[in-house]
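Here the structure comes first, spelled out in structure tokens, and everything after it is commentary.
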């Protein structure tokens, strides 16, 4: 029996222009909605392997949170606006 293996090397990804990503799962039956806002990963900063935490999903998953953002949603004449209040910058 012959064994083969491969070596996982470092892959360099070209830096891109940062963007904003909004994650939301909306439930019309709830008075409060959860909306997460983060920057896209662009290769500008190293991302370290961490343990995921539901209480801080963006940071614990290696993301870059955005705080102070205004998220507006429009649908069939309904308008809602929330200001992000994350403790991260």
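Just so it is clear, none of the values below were taken in a lab; they were calculated from the coordinates. On a predicted model such as this, the values are computed, not experimentally measured, just so you know. Here Cβ is always computed from backbone atoms with ideal geometry, including for glycine, and neighbour counts include all displayed protein chains.
Brief remarks on what is shown
- When each of 41, 30 is scored by the number of other beta-carbon atoms lying within 10 Å, the sequence from fewest to most is 30, 41.
- Peptide ranges 62-70, 18-26, 42-50 listed from the most packed, as the mean C-beta count within 10 angstrom indicates: 62-70, 18-26, 42-50
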